[in-house]
Amino acid sequence: MSIELKPKDYKSDIKPVWCPGCGHFSILSALTKALAYLKIPKHQIGFVSGIGCSSRIPAYVDSYGFHGIHGRGLAVASGLKAARPDLHVIVAGGDGDGFSIGGNHFIHACRRNMDMLYIVMDNQVYGMTKGQASPTTAPDWVSKLTPHGSGIRPFEPLAIALASGASFIARGFSGDPSSMSKILVEALQHPGFSFVQVLSPCKTFRPEQVEWKKQVHNAFMEPTDDSALAAQAIHNDDGMGMGIVFQRDIPIWSLQHSDHDNNQTSIETIAGEFEL
């Protein structure tokens with residue numbers, strides 16, 4: 001007999017330690033609503049993260065989880081999915097964790113198109129280490145470490161994901177959890193690598209981001225499977241457009257390797273060849 005799970009059933013007993021007003025609370029709620037809507041059993045979820053405020057989230061979800069090291073969430077998740085393709089693998093990270101030290105893994109995860117969901121909670125700042133510029137921070141943003149701004153052009157996650165081969169690309173806003181949940185439902189159902197950037201204000205180190213609620217808008221009304229049209233839409237975007245940008249059915253990694261010979265020599269046999 002199956003038990004119908006409600007969103008609250010997916011939350012663990014561990015209380016989040018995010019700052020009051022942090023956008024990550026809404027992302028957690030949107031995710032648990034999406035999981036409940038799809039009726040995904042908790043024991044079939046593998047939740048992986050790196051390091052950062054956002055990466056605490058596996059502890060707050062009542063499923064199997066792994067809190068890894070900085071920037072390596074996708075690497076761990078790829079190994080998990082390869083070993084256990086039956087699991088729903090979800091990866092969470094932040095703009096620093098995912099696009100700086102983890103940027104190389106992001107690019108190649110898009111290329112491999114393994115069937116998993118990658119949520120990046122983007123607040124354009126390193127919050128856990130007290131407010132440094134991140135890869136998505138505007139070049140003129142002033143902080144103690146960058147009193148004149150970083151002067152560096154921001155990383156463009158949607159464009160990089162498209163160029164690298166991700167088969168599902170979307171952007172949401174933590175201040176609109178209802179729309180966010182709908183995007184996550186679509187992303188979780190998509191067969192392939194689903195990348196969702198979520199603008200999530202940091203009220204502690206970026207209090208001006210409270211204005212984002214007035215700036216976000218529905219820019220991507222209908223997702224396209226045409227990469228040229230998606231590229232044009234991303235090019236015309238002001239960074240505040242919400243919705244599913246790109247969605248295409250591309251053979252996933254496991255299917256690309258399904259015709260391999262499974263009767264290969266065992267590791268024990270290979271090791272035995274080196275015995276003296």
In nm, give the distance between the simple-model label positions of Asp225 and Ala271, each being 7 Å from the Cα along the Cα-to-Cβ direction.
4.6 nm
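Calculate the dipole size of the chain relative to its Cα centre from +1 charges on Lys and Arg beta carbons and -1 charges on Asp and Glu beta carbons; express the result in debye to the nearest 20.
1060 debye
Ignoring GluC sites (Glu not before Pro) that are buried or in helix or strand per DSSP, and keeping those with at most 16 other beta carbon atoms within 10 Å, what is the longest stretch of the chain between them?
Between exposed loop sites, the widest span is 5-272.
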Let's test the formula: R0 of 25 Å, r as the Cβ-Cβ distance of Lys8 and Gln44. What FRET efficiency results, to the nearest 0.05?
0.85
Quick one: grab the alpha carbon gyration tensor of segment 1-144, order the square roots of its eigenvalues as a ≥ b ≥ c, and give me rounded if a/c is under 1.5, else prolate or oblate depending on whether a/b is larger than b/c.
oblate
Ranked from fewest to most other Cβ atoms within 10 Å of their own Cβ, Val142, Val120 fall in the order Val142, Val120
Name the most mobile residue of Asp95, Asp237, Asp62, meaning the one with the largest mean-square fluctuation, in a Gaussian network model of the chain with Cα contacts below 10 Å.
Asp237
Most mobile of His43, His24, His217 in a GNM of the chain (Cα contacts under 10 Å)
His43
Among the DSSP beta bridges whose two residues both lie in the chain, what percent are antiparallel, rounded to the nearest 5?
15 percent
Counting only residues 5 or more apart in sequence or on a different chain, those whose built amide H sits under 5 Å from that of Thr224 are Phe246, Gln247
Could you let me know the centre-to-centre spacing of segment 44-84 and segment 188-252, using Cα atoms, in angstrom?
22 Å
Against the longest alpha carbon principal axis of the chain, how many degrees, from 0 to 90 and to the nearest 10, is the axis of helix 103-112 turned?
50 degrees
Computed E for Asp140/Asp86 - FRET, C-beta separation, R0 51 angstrom, nearest 0.05
0.60
Run the quick spin-label model on Lys213 and His70: label points 7 Å from Cα toward the beta carbon, then report their separation in nm to one decimal.
3.3 nm
Cβ-based charge dipole, the chain, positive-most Cα from Gly71, Gly165, Pro20
Pro20
Ranking Ala82, Val61, His108 by how far each Cα lies towards the positive end of the charge dipole of the chain (+1 on Lys and Arg Cβ, -1 on Asp and Glu Cβ), the top one is Val61
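None of the figures in this text is laboratory data; all of them are computed from the coordinates on show. Remember, predicted model here, so these are calculated numbers, not experimental data. Backbone-built Cβ (ideal geometry, glycine too); neighbour counts: all protein chains shown.
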